[in-house]
Amino acid sequence: MSFASDVKNEICRAELEDICCVRAELAGIICFSAQITDRLIKINTENARVAERISELGVHLYKLGVEIEARESGIYSVKISGADVLKILRDMRLATVPIRIDKEISRRECCKRSFVRGAFLGGGSICAPQKGYHMEFVTSHYALCRDFSSVLEYFGITPKIAERKSNYVFYIKDSEQISDLLAVVGAHNKMMEFLNIKIEKEIRNETNRRVNCENANSEKCAGAAVAQTHAILLIKQKLGLENLPPRLESIARVRLELPEATLTDLARELGITKSGANHRMRRLIKIANEIK
Ligand SMILES: [Zn+2]
């Protein structure tokens with residue numbers, strides 16, 4: 001089962017609430033996925049549970065006779081025909097073109113939520129969060145775009161819109177907005193799973209970042225230690241360590257004894273502060289540069 005179909009299955013388990021919301025949910029499904037003529041409303045879906053949900057909504061609202069046909073391709077075709085078609089279209093104030101969201105639906109929060117739920121069942125999909133953050137709604141109806149944008153905006157969700165072939169795609173890449181949207185459609189279990197995976201990923205990224213950072217630091221340390229040793233060897237050869245001031249001589253000897261030690265280790269060895277060690281080392285490097 002894909003993450004998207006799990007989300008749809010969870011949404012389909014929601015109780016049928018107020019009649020206004022049942023109507024809004026069915027409208028969402030029809031707007032986003034139905035082929036409509038005056039005699040037939042046909043909805044194709046890959047999800048058996050969505051097909052059943054459409055039937056439940058139709059029976060609950062209009063005592064409809066809904067026909068579900070399972071095809072060999074794994075697609076379920078849901079058909080409403082005859083006099084029921086006009087009854088539904090009239091009730092939802094849906095024309096065959098253009099498809100718009102009924103003002104009655106955009107008036108109440110409960111109905112807006114249910115419409116988005118239906119829109120997701122009809123034309124929505126979501127990537128598994130392990131693979132990346134992407135959620136989208138696809139529709140071929142241009143007029144629907146603006147209406148749907150304002151419904152999503154109401155919930156603080158601001159999708160981008162792209163044209164793909166002859167369709168309009170609302171897509172969301174922001175992980176916070178995706179989890180908000182999962183909450184809007186009532187997929188709370190899937191939202192929790194989404195958030196858990198997101199947190200795991202963030203912890204893993206942070207750990208990798210730290211490890212990389214530590215490696216980079218230790219390389220920097222190693223580079224510095226090598227440069228210091230070179231400088232000291234040069235001084236030893238040209239000047240003799242014994243001719244250095246005692247403070248510089250002592251750190252030079254310790255560095256040669258402990259070529260891999262960090263500056264902090266050298267400071268501890270000499271019983272001085274790290275900044276003291278750093279200061280002495282800089283003086284040694286300066287002397288070496290002057291010799292060169
Ligand atoms: Zn409602």
query = His188 to Leu256: FRET efficiency via 1/(1 + (r/R0)^6), r the Cβ-Cβ distance, R0 51 Å, to the nearest 0.05?
reply = 0.20
query = For the charge dipole of the chain, defined by +1 on Lys and Arg C-beta atoms and -1 on Asp and Glu C-beta atoms about the Cα centroid, which residue among Ser250, Tyr171, Ile287 has the Cα displaced farthest towards the positive pole?
reply = Ile287
query = Say the dipole of the chain comes from +1 at the beta carbon of Lys and Arg and -1 at that of Asp and Glu; which of Gly123, Leu64, His230 then lies farthest toward its positive end?
reply = His230
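With the cut-off at 24 Å, tell me which of the pairs Lys131/Lys160; Lys112/Lys190; Lys112/Lys201; Lys42/Lys165; Lys8/Lys79; Lys8/Lys198 have Cα atoms farther apart than that.
On the way: Lys131/Lys160 20 Å; Lys112/Lys190 20 Å; Lys112/Lys201 32 Å; Lys42/Lys165 21 Å; Lys8/Lys79 20 Å; Lys8/Lys198 20 Å.
Long pairs (Cα-Cα over 24 Å): Lys112/Lys201.
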ask   = If you take the charge dipole of segment 3-77 about its Cα centre, with +1 on Lys and Arg Cβ and -1 on Asp and Glu Cβ, which of Cys31, Phe3, Ser55 is farthest toward its positive end?
value = Cys31
request  = Between His134 and Arg39, take the C-beta separation as r, use R0 = 45 Å, and let me know the FRET efficiency to the nearest 0.05.
outcome  = 0.75
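Out of the trypsin sites (Lys or Arg not before Pro) in segment 1-97, which ones are loop residues according to DSSP with at most 12 other C-beta atoms within 10 Å?
On the way: sites: Lys8, Arg13, Arg23, Arg39, Lys42, Arg49, Arg53, Lys63, Arg71, Lys79, Lys87, Arg90, Arg93; in loops: Arg13, Arg39, Lys63, Arg71, Arg93.
The qualifying sites are Arg13, Arg39, Lys63, Arg71.
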note = If every Lys and Arg gets +1 and every Asp and Glu gets -1 at its Cβ, then about the Cα centre segment 3-186 yields a dipole, in debye to the nearest 20, of 440
remark   = Within the chain, excluding any GluC sites (Glu not before Pro) found in a DSSP loop (not H, G, I, E or B) and having at most 15 other Cβ atoms within 10 Å, the longest uninterrupted segment runs 73-259
Relative exposure of Tyr62, Tyr76, judged by other C-beta atoms within 10 Å (fewest first) = Tyr62, Tyr76
request  = Can you figure out the FRET efficiency of Arg164 with Asn217, using R₀ = 51 Å and their beta-carbon distance, to the nearest 0.05?
outcome  = 0.65
ask   = With the contact rule set at Cα under 8 Å and sequence spacing of 6 or more, what percent relative contact order holds for the chain?
value = 15
query = What order do you get for Ile126, Ile157 when you list them from fewest to most C-beta neighbours inside 10 Å?
reply = Ile157, Ile126
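Taken together, the values in this text are just the output of simple stated rules run on the coordinates, not laboratory data. Note that the coordinates shown come from a computational prediction; the quantities given were computed from them, not determined experimentally. Virtual Cβ from ideal backbone geometry, glycine too; neighbours counted across all protein chains shown.
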